[in-house]
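Notes follow once the structure below has been shown.
The numbers here are math on the coordinates, done by the rules we state, and not lab data. The structure presented is a predicted model; accordingly, all values stated were derived computationally and were not measured. Every residue, glycine as well, gets a Cβ built from its backbone with ideal geometry; the counts of neighbours run over all protein chains shown.
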Amino acid sequence: MVNTDYEHEKNWWNAKAQKEEIDSCDEQINRALRWREINKNLTPDIRNILEVGAATGVFSIPLAGMGYNMVHFDLSNEMIELARDKADRMKLSNISFQQGNSIDLSIYEDNSFDMVINMDGAISFCGVDAVKAIRESIRVAKHKVIMTVSNRGNMLLSLLKTNNKINPDKFIPAAYSMFNEGLWHTYQFSENAELVKGCTNDYLGPIKAFTIEELRSIFEDEGMRIDRLTSIGSLSNHCGKEFIDSIISNIKLFDEYIDLCDRYDKEICSDSIGSAQRAGIIIVASKL
Ligand SMILES: C[S@@+](CC[C@H](N)C(=O)[O-])C[C@H]1O[C@@H](n2cnc3c(N)ncnc32)[C@H](O)[C@@H]1O
């Protein structure tokens, strides 16, 4: 498998920084569902929070605004600068910024933060190192970990949908790599580059996409109690883009739809494909 080149990844995320908050498809729904879970877990024992892969601060800045002591950690200096500007404009003094790599949080001791949030990127985009990144976030958490990671079911669907662009007579090797190991990289197979034309710098990856059972065993090996482990946003993926576009512009139905999406993940189909965009598996776990 292709090793992760973090200098290359940093430059790629830097190139994406200005676009980070432009939502497409069901991203807004996935974010609203994550906010629900975070708010539910902000119990009185939570005071200091590390957010890994915090990007432009869509979670870290409001959490600092709510009074939590925040450390905003990210690989991309451009993402951090955008978040820092927001914090300065809001005159927030309870947030600090740290550039670094999620696979190495050694600047922090074990159990340093009441809560560690690591969502949507700083694990799955480590590719072959993704499990290392999960273990690091768990290590530095004192009470709670909230994480979202790429959903293998959804990644597989995306790959199969574009398969015909490459070869209408044969399933491409990347589909099998996703099926078998959950791994993707633009440089993994010669035809992969064709699939990511039009993405930022015609590039996407590395990605490690998980199954729910795979994630469960990593957390259990670390001795964590799992409070929630489900796909997230599957209903919006099943409903399709046209329906989602109409819901997002309908202020009367939006909140009720978020309720339905949340219930779908918890009561109807907890091991499904997750949202179309953004990481589609969520885990909430406690350190005992
Ligand atoms: C898609 S954004 C997600 C932003 C935010 N967490 C959210 O959920 O909306 C992914 C972020 O993860 C960061 N990232 C990617 N790989 C990382 C790594 N190895 N270490 C730290 N941050 C990383 C990127 O720079 C980017 O800011």
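Observations, loosely collected:
- Cβ-Cβ FRET estimate between E81 and N11, R0 fixed at 25 Å, reported to 0.05: 0.95
- Label point distance in nm, N180-L157, each placed 7 Å from Cα along Cα→Cβ: 2.5 nm
- Cα→Cβ-extended label distance, 7 Å offset, between E109 and L288, nm: 2.5 nm
- Antiparallel bridges, percent of DSSP beta bridges restricted to the chain (to nearest 5): 40 percent
- C199-D169 pseudo-label distance in nm [points 7 Å out on the Cα-to-Cβ vector]: 2.7 nm
- With a Förster radius of 22 Å applied to the beta-carbon distance between R228 and M90, the computed FRET efficiency rounds to 0.10.
- Entry for the range 37-190 at q = 0.14, 0.16 Å⁻¹: log10 I(q)/I(0) = -0.74, -0.88, Debye formula applied to identical alpha-carbon scatterers, no solvent contribution.
- Segments 128-140, 40-52 sorted - mean Cβ within 10 Å per residue, highest first: 128-140, 40-52
- Cα pair distances exceeding 15 angstrom across the range 155-202, given as percent: 39 percent
- The range 246-260 and the range 4-49 have their alpha-carbon centroids 21 Å apart.
- Positive minus negative residues near K208 (Lys, Arg vs Asp, Glu; Cβ under 12 Å): -1
- For the range 207-277, the equivalent ellipsoid derived from the alpha-carbon gyration tensor has semi-axes of 28, 13, 9 Å in decreasing order.
- Calculated Rg and Dmax of the chain using C-alpha coordinates, Å: 18.3, 58
- Helical contribution to [θ] at 222 nm, DSSP H n ≥ 4, -39,500 (n - 2.57), averaged over the chain, rounded to 500: -12000 deg cm²/dmol
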